[in-house]
Amino acid sequence: MVNKTILVVGGGISGLTSALEAAEAGYEVFIVEKNPYLGGRVAQLNKYFPKICPPNCGLEINFKRIKNNPRVRFFTMAEVESVAGKPGDFDVTVKLNPRYVNQNCTACGKCVEACSMERADEFNYGLGKTKAIYLPHTFAFPMKYAIDMAACDRCGKCVEACTYQAVDLGMEAKTVNLKVGAIVWATGWKPYDAAKISYYGFGRHQNVITNVMLERLAALTGPTEGKILRPSDGGAPKTIAFVQCAGSRDENHLAFCSQVCCLATLKQVGYVREQYPDAKIYIFYIDIRAMGKYEDMFAKVQKDENVVFVKGKVGEITAGENGGLVLEVEDQSTGKVLFQPVDMVVLATGMEPATRACVIPGVSRDQDGFVQSEGGVIGAGCVRKPMEVAQTVRDATGAALKAIQVVGGGN
C-alpha cells in the first residue's frame, strides 16, 4: 500500500509553498521546521523580489492558508534524525526539541519583563540582543515565545510572571515517527560564513557587515528600527562599498555563482539612497548578473551619479581612520591598484545550501551540497540550487507535483 501522506522538511517559502500546494490538492502534509517559527530566510528580509515588498505581504497569506487547512500539520523546533524505507513507504524519525513554552502562551510579554538574562539575537544576525525567553520576531508564526537554555539561568522568574502557566522549564526533547509516501526536502540556504574570508576582516572590523545584516538594518522591525547605521558608533555612513562575490565563484569557498547577490546589492543600493540621498556608493564586482526583467534595475542604478562601479575583485580590507575602512583592489579597466577609503563595507556573501555541511541519511547531494531529487525525496527551492523568491515558489510548486506523482497521483 502506498502512503498518501507527504512530508515537507523546512518551513521557509519553498517548504510552505510545497506543503500548501499538496494539501490544497487533497493530500495530508507534515511540515518539519528547525526554527521556532515558520517563514525561513524570507522572514528576515526587508524586501524581496520581484515586487520589492516586505515579506509579510506574502507570508501572511500562506499562514492564513495553513490555519484554514486541516490537512497541514507542522512541527517547529524539530529536525529529521533518520529516513528509511522506499518511495511510497518511508519511515522518518523526527526529534522535537523543547520550546519550554506550551500552547497556553498568548505572547503577552510579561515573561520578558521578568527575565534578566540576554542572548545574541540570531534573527537579526547578532546585531542586537534579546532576553533568554524571546519572541523570534514581531510577526512570528506561531506567535509563541521560546527559551534559549544556553542563555537561561533557570531562575524561574518567567514562570512566576506568566499568569497562563505557559512556561515549563521541565520540558524535554521527544521523538516522533512519521510514515509518509514522499518527502520534499526544502531546508533552504544559509549565508556563507564571511569570517572564513579572512582578508575581508569580517569579525575584526565592526563596520564590515554582510548583505543579510544590511537587510535587518533596513527593516523597520530590525535592531535600528530601519536606520542604516555603522555598527561601531551608530553613525550615518557617507560612503559605502558593496563587495560582490564575497566567497562565491571561488574554489576556496563556494565554487558556484549564487545568482541573487548582484540583484540583492542593486536592491540595497536603493535602501541606502532612500535614507542618504548624497551618500557615495562603490560597487566592486567581477561582473554584474541581472538577468531578464532585472536588467532595468541595473540600468537605473547605473544612472545614479553617486554610484561608482569598479570592475575588480577586492583583495583586502584594512582599518582606516575613525572606524573607517580601506579597500585594496585592482581596477581591471585601468590596470591600476586602488586604495578606496569608505565608512562601511557590505559583503555580498553567497547562498550556501543548508545541507552542505551535514550528512542526511536517505538524501543525496552533489559536490556542492545541493540536494539531488531521487528515490521519492524531492529537493525544492534553494536547497536544490540558488534562486530568488519568485523562482523558489515556482520550483516548490513543481516539487509538490512530483511528490504527488510519487504517492500515486490520486486520493
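All of the numbers you see were taken from the coordinates with simple rules; none came from a lab. Bear in mind that the values here come from a model prediction, so they are computed numbers and not experimental data. Cβ placement follows ideal geometry from the backbone for every residue including glycine, while neighbour counts extend to all protein chains displayed.
Quick rundown of the values:
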item: Contact order normalised by residue count of the chain, Cα under 8 Å, 6+ apart, percent; result: 20
item: Stokes-Einstein D (µm²/s) once Rh is taken as the Kirkwood radius of the chain over alpha-carbon pairs, at 20 °C in 1.002 mPa s; result: 94
item: Whole-percent pair-distance distribution, where bins are 5 Å wide, for the alpha carbons of the stretch 191-351; result: 2, 9, 20, 23, 23, 16, 6, 1, 0
item: All Cα pairs of the stretch 78-230, percent lying beyond 21 Å; result: 60
item: 3J(HN,Hα) from dihedral phi, the stretch 322-333, Karplus parametrisation 6.51/-1.76/1.60, rounded to Hz, x for glycine, proline; result: 6, x, x, 9, 10, 9, 9, 7, 8, 6, 5, 6
item: Amide proton proximity set for Ile283, modelled H, under 5 Å, gap of 5+; result: Phe242, Val308, Phe309, Val310
item: Share, in percent, of DSSP beta bridges within the chain that are antiparallel, nearest 5; result: 55
item: Gain upon complete extension [Lys174, Glu79; 0.36 nm per residue less C-alpha separation]; result: 33.1 nm
item: Sequence ranges 298-304, 5-11, ranked by mean other-Cβ count within 10 angstrom, highest first; result: 5-11, 298-304
item: Longest exposed-site-free window of the chain, the sites being GluC sites (Glu not before Pro) in a DSSP loop that have at most 11 other C-beta atoms within 10 Å; result: 1-171
item: The stretch 69-111 residues near the modelled Cys358 label - backbone nitrogen below 15 Å, point 7 Å along Cα→Cβ; result: 75-83, 93-98
item: Highest-first arrangement of 163-171, 338-346, where packing means the average Cβ count within 10 Å; result: 338-346, 163-171
item: Whole-Hz ³J(HN,Hα) from phi, Karplus 6.51 cos²θ - 1.76 cosθ + 1.60, for the stretch 175-189, glycine and proline x; result: 10, 10, 10, 10, 10, 9, x, 8, 10, 9, 9, 9, 7, x, 9
item: Nitroxide proxy distance, nm - points 7 Å out along Cα→Cβ at Asn69 and Val337; result: 5.7
item: Debye, to nearest 20: dipole size of the chain, +1 on Lys, Arg Cβ, -1 on Asp, Glu Cβ; result: 800
item: For Gly226, residues with placed amide H under 5 Å, excluding near neighbours; result: Ala219
item: Unit charges at the beta carbon, dipole of the chain: most positive-side option, Phe298, Gly222, Ala186; result: Ala186
item: Rounded to 5, the percent of DSSP beta bridges in the stretch 191-351 classed as antiparallel; result: 40
item: Per DSSP, loop trypsin sites (Lys or Arg not before Pro) in the stretch 11-73 with at most 15 further Cβ within 10 Å; result: Lys51
item: Charge dipole (debye, nearest 20) of the stretch 1-137; +1 at Cβ of Lys and Arg, -1 at Cβ of Asp and Glu; result: 300
